[in-house]
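The values are calculated or read from the model by the stated rules, or taken from the named source; none is laboratory data. Please read these numbers as outputs of a predicted model, since none were measured by experiment. Note: ideal-geometry Cβ built from the backbone for every residue, glycine included; neighbour counts use all protein chains shown. Just the protein is used for accessible areas: all its heavy atoms, side chains included, with ligands, DNA and RNA removed. Shrake-Rupley method; radii C 1.70, N 1.55, O 1.52, S 1.80 Å.
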Amino acid sequence: MRPYLNAACMEGSFYMNFNVKVNSKKTLLILLIMAGVAILGGILLFPLVVAQAEAAFVATVSTILAIELILLGVAVLVFTVLSLDGDANFFLYDRKTQRNVSEEDLTFDRINSRMGYYMTMISSSQEQLWTKNVLAGENVRFGQNAVYKPLVAYKMLYDLIELDRPETWELFTGADAAVISTLCRVLSSCGEKDMSNTLMDAYEGAESIDDIEWVRDFVMGNAKYIRRRMRDYVLKNIEEFY
């Protein structure tokens with residue numbers, strides 16, 4: 001049975017930071033507010049200094065204050081640019097350019113590749129996904145609000161399509177009922193009620209483990225649909241993958 005590629009070889013240690021969502025935009029917002037308060041405080045205090053100081057001292061303080069405001073403004077600007085540019089998204093980040101690609105440029109191939117890596121973090125092999133009911137595991141394994149769960153379900157089906165061998169389709173027909181039930185429940189949670197019902201019918205209708213025709217025809221026939229739905233799901237929840 002096909003093992004998943006080693007994660008370190010596949011994508012490098014960079015992506016290990018994606019086990020838990022980190023939203024640096026909140027930190028950026030807080031720092032910008034603090035900078036604004038500091039600038040406002042300096043402006044409000046300046047008239048008090050002017051009223052109690054001599055002209056030469058006022059000129060000196062004015063110069064220092066102006067320089068500090070300029071430096072603070074530059075620092076905030078630089079930090080903003082660096083923060084936004086470095087706020088890597090699991091699906092959008094391009095290691096070659098070290099930048100996020102635009103959402104318009106996000107392709108299914110990129111999503112499929114990233115999910116291929118993600119699967120290595122939750123399972124040691126494709127077989128284990130169908131024998132250990134991985135989707136029933138703790139939600140913390142699947143990111144904030146278990147956002148990765150539907151993608152894992154889609155990916156499990158799409159891996160069957162990509163390999164398209166009798167033994168891989170038999171992972172579905174030979175799986176425990178609890179595994180298929182969990183898979184269908186996860187798909188239903190993201191709007192795939194018809195798909196989940198058909199998959200359950202195909203599973204229950206298989207007379208033996210090698211009776212793969214029904215599920216194979218259905219899943220293969222919906223390959224394009226699954227690709228589109230995976231991309232739509234990622235784009236809909238793109239902010240959850242930072």
- Task: Name the single residue, out of those in the range 219-238 being free of Cβ contacts under 8 Å to residues at least 24 places away in the same chain and within 15 Å of the chain's Cα centre (by Cα), that is least open to solvent (accessible area, probe 1.4 Å).
- Result: Asp232
- Item | Which numbered condition Phe241 fails, given (1) in contact (Cβ under 8 Å) with a residue 24 or more places away in the chain; (2) within 20 Å of Leu92 (Cα to Cα); (3) open to solvent by 50 Å² or more (accessible area, probe 1.4 Å) | (3)
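Has the range 220-239 got at least one residue that is more than 26 Å from Glu104 (Cβ to Cβ) and in a helix (DSSP H, G or I)?
Of the range 220-239, the ones more than 26 Å from Glu104 (Cβ to Cβ) are 220-221.
Those still in the list that are in a helix (DSSP H, G or I) too: 220-221.
Within the range 220-239 (the criterion being more than 26 Å from Glu104 (Cβ to Cβ) and in a helix (DSSP H, G or I)), the answer is yes, since at least one residue qualifies.
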- Tell me which residues, restricted to the range 184-213, are in a helix (DSSP H, G or I) and buried (at least 19 other Cβ atoms within 10 Å of the Cβ). Cys184, Val186, Leu187, Met195, Ser196, Leu199, Ala202, Tyr203
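Considering the range 86-117 alone, what residues qualify as being touching a Leu at 6+ places or on another chain (Cβ under 7 Å), in a helix (DSSP H, G or I) and open to solvent by less than 20 Å² (accessible area, probe 1.4 Å)? Before you say what the answer is, go through the steps one by one.
Restricting attention to the range 86-117, the residues satisfying the condition of being touching a Leu at 6+ places or on another chain (Cβ under 7 Å) are 91-92, 100-101, 103, 106, 115.
Checking the rest, the ones that are also in a helix (DSSP H, G or I) come to 103, 115.
Met115 - this is the single residue of the range 86-117 that is touching a Leu at 6+ places or on another chain (Cβ under 7 Å), in a helix (DSSP H, G or I) and open to solvent by less than 20 Å² (accessible area, probe 1.4 Å).
Can you tell me which residue within the range 118-160, out of those that are in a loop (DSSP other than H, G, I, E, B) and open to solvent by 30 Å² or more (accessible area, probe 1.4 Å), is farthest from Ser188 (Cα to Cα)? Before you say what the answer is, go through the steps one by one.
If we filter the range 118-160 for residues that are in a loop (DSSP other than H, G, I, E, B), which is where we start, we get 123-124, 132-133, 137-138, 143, 147-148.
From what is left, the residues that are open to solvent by 30 Å² or more (accessible area, probe 1.4 Å) are 124, 132-133, 138.
Working: Ser124: 26, Lys132: 20, Asn133: 17, Glu138: 18 Å.
The qualifying residue farthest from Ser188 (Cα to Cα) is Ser124.
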